[in-house]
Structure formats: structure tokens, C-alpha cells
1. Restricting to bridges with both residues inside region 220-396, how much of the DSSP beta-bridge set is antiparallel, in percent to the nearest 5?
2. Using Cα-Cα distances under 8 Å and only pairs 6 or more residues apart, what relative contact order does the chain have, in percent?
3. Taking the chain as a Gaussian network, where each spring joins two C-alpha atoms under 10 Å apart, which residue of P25, P178, P68 fluctuates the most?
4. Tally Lys/Arg at +1 and Asp/Glu at -1 over every other residue whose Cβ is under 15 Å from the Cβ of I368; what's the total?
5. Stokes-Einstein diffusion coefficient for the chain at 37 °C in a medium of 0.692 mPa s, Rh from the Kirkwood formula over Cα pairs: what value in µm²/s?
6. Say each of N241 and S282 gets a label point 7 Å from the Cα, pointing the same way as Cα to Cβ; how far apart are those two points in nm?
7. Please identify every one of the trypsin sites (Lys or Arg not before Pro) in region 230-289 that sits in a loop by DSSP and has no more than 15 other beta carbons within 10 Å of its own beta carbon.
8. Can you compute the modelled spin-label distance between K341 and A192, with each label point 7 Å from Cα toward Cβ, in nm?
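What follows is calculated from the coordinates using simple rules that are stated; it is not laboratory data. Source: prediction; values computed, not measured. Virtual Cβ from ideal backbone geometry, glycine too; neighbours counted across all protein chains shown.
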Amino acid sequence: MSDFKSLNLHPAILKELEANSYVTPTPIQAKAIPHLLNGKDLLGIAQTGTGKTASFSLPMINRFASNPIKLEANHTRAVVMAPTRELATQIHQNIAKYTASLDISSTVIIGGVRKENQIEEMKKGVDIVVGTPGRLMDLMHGGNLLFNQLEIFVLDEADMMLDMGFFEDVKVISSRLPEVRQNILFSATMPAEIEALAKGLLIKPVKVAVAPESTTVDTVDQKIYFVEENDKYDLLSLLLNDESIERALIFCKAKYGVANVIKVLDEKEITSGEIHSNRTQSQRDQAIADFTEGKIRVLVATDIASRGIDVKGVSHVINFNLPEDATYYVHRIGRTGRAGKEGTAISLCGERDLSLLRNIKKLIKVEIPSILDHPFHKEFPPISAKKRSQGPRSRNRKRPSQAKRRAKQKFIENL
């Protein structure tokens, strides 16, 4: 498929795509859009940065533009559910961009902002509602979000929804939807729970897949620095002296780690912002806006942002801590090297991170070059077989499901 015109989309959509320099569909768009235009249910396996949002939103917009209806108060024609506020906001921004010259309404319904404004918005009826599970549940239970006129249900980043403990909310909301509807599910991975959900949600779906979860893009130059935990702050300061690091996204393990890094950046007079669960939604939005507009050089975040931020021109991703879940490494470094541009991913690895690094290498099947020429380099002894079998992270990988859910909940609380 050479261009979007061959998809026979509504002329107003093509106009907006051209205005935003969309020329050639990405692989997931080329595979998914024709099936969705034909009304098929779809199961998509793709990670962020592959063009998923356009894959499901363009056929939806095309359908609504070609078949306008009068919406009743509090009703919607489509619900797009995302796991994080940032991702929901990003999806809505793209939909608003694609519908700029069409009479199609959309809104974002997320926590962290006044519910009253969202309730008022829904009174007019909204064609496309993008939201997070908790706030969608609030409005649904209050009678402010009704589904009698719903035609399309989209579940994006389903595996992350599972990780964040939203599965029950998803099931409750989907049980309230009309039986006759188009269902679209996207996930970066396909664990057993997602397969079961897909079987219950989708009817004779078409399955499309691109870029498996273990894939790290070729445009990202990956590097590892071995360093004592206490020296990480000094090493980070040293790295940021490099002016080629124009716009950096730094990932920390938890929100208290973000605060410590921000303190160091302030002392170095490096402009920065932060996003994690202790920040209000307006503070998080402002930090992302400042980062996008180049007002700050560094954005420090927990994994809440690893799938939820799409900022152009991120030159570097720095893993101050390696993630406990190896798949999050793929999501983190996927914030750079986008749209064919080059990017760099730097990971600071202390002794406690060695087992995590081993899991990452096993997942991505790539040997990450280590940088030895720096004043804080530390040689660590290899992890013994005994230590591997006795270490807490090894036990975590074999926890029973109830304990695993508790561990995930604790992880979410620290984001």
C-alpha cells in the first residue's frame, strides 16, 4: 500500500492527513485499516510507536463522517479505553487532529481533573469518548455515560491494563455495551489473560501483528554503564554535560527516585520536569507540554510514561534504574529513535540491577555494548547460580497469582 489515498477514506480525513504530513501508512495501519473499514473485529499485536492510534481511529472517523446521526444526551458512538491518563490524552489529541475539519465530536475522560466538566461535556452527546477505566466507570455508574448508541469499542494497551489492575473494570464496562458492535483490541503482548479476554470480547476477529514485544528498533543506539549505586547521580551529571543530549527522558524505578534525580538536576541548573502518580493531572500535562515545546531539557518519569508519551525529537532515554519487568525496557527506549530518526538509550547498571539486565538481554536477544571509559566504571562479579536461585526477584517470577497481584499493586502505587 503506497499511500492513504488508496484506502478510500473520506476526503476530509485525507485533507487532515496531508496537512499533518501523513503520506505512507505504517505496517500496522496498512494491515488493520482495510479490515476495520469493512466492520471486522480486530486483534492487533503491536507496541507503541507503530501507528496504532491512526489504525483504529481513522476507520472509526470514516464511518461516523459517512453516517452521521443525532446523539442523545450522555450517549456516545465509540469508547476508546486506555490504561493511563497520558496515553488517553495523546489518543484524544490525535483524534482531534484527524477530525479538525469534520463535524465529529470527541472528548477525554480521565481522573485527576474535575469530573463536573466531563459530565457537562457528555450532556451534549459525544461521538468519540477516550478515557481511563476508573473515570469511565464513575460516569457510567452516575448515568452520565450511556451506551445505547454505541457502535465501536476499542481497548488499547490491553496487557498494560492487566498489569495495572484494571481488568475487572474492563469486564464491567464491556458487559454494559450493546451486543451488536465492532470490537478492537490492541496489545503489545499476548499473555493467557489477554487471550481469554479477546475470545470473550471479539467475534470472528482478524488478527494482525507487527514488531513483536522483544523488538528494539534499529534506530536506537543502546549503551550500558556499570556503576555503584551511590555514584549514579554523579555519573548522570557527567553525562548531561554532553550538549548532544538535547532532550532527554529519564526513567526511575519509583516516584521517590524521581524526586532525588530532580534535586540533582536543580543543583546543576538543568531545566527539568517530572511526571508520576503524586503529580496532579494539570502538573503532568504541563510537564509534558514544556518538554514537547523545548522549554525544559529533561523529563524525569516513572514507568507511567513508558507507553503514554509520544514526544517528537527525544534524543536520549536514560534508565537511571533498570525496570523490574524486562518488557518495560523495550517501551522505555521506544520513546527515542522514532519516525526513522536516530536516538540513544543509556542504562545505568548497579550491582542490584545485574539480574534485571540479564532478563532484558534474554528478552531482546541483543548484546548491549558497555561503556568502560568513564570515571565511575565498576566491575561487578558475575551473579552466582546460588544467588540467582535465592534472590528475591527469582522468587517473584514464580509467585502464585495472588501474591503477584499484590506485588503489581505495590508497583503501581509507587509510580
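1. Percent antiparallel among DSSP bridges in region 220-396 is about 5.
2. Details: 733 pairs, mean separation 72.2, N = 415.
Worked out over the chain, it gives 17 percent.
3. Between P25, P178, P68, it is P68 that shows the largest mean-square fluctuation.
4. After counting each charged neighbour, the total is +2.
5. Rounded to a whole number, D works out at 146 µm²/s.
6. So the two model labels end up 4.0 nm from each other.
7. On the way: sites: K232, R247, K253, K255, K263, K268, R279, R284; in loops: R247, K253, K268, R279.
Those that pass, being in a loop and sparsely packed, are K268.
8. 4.3 nm
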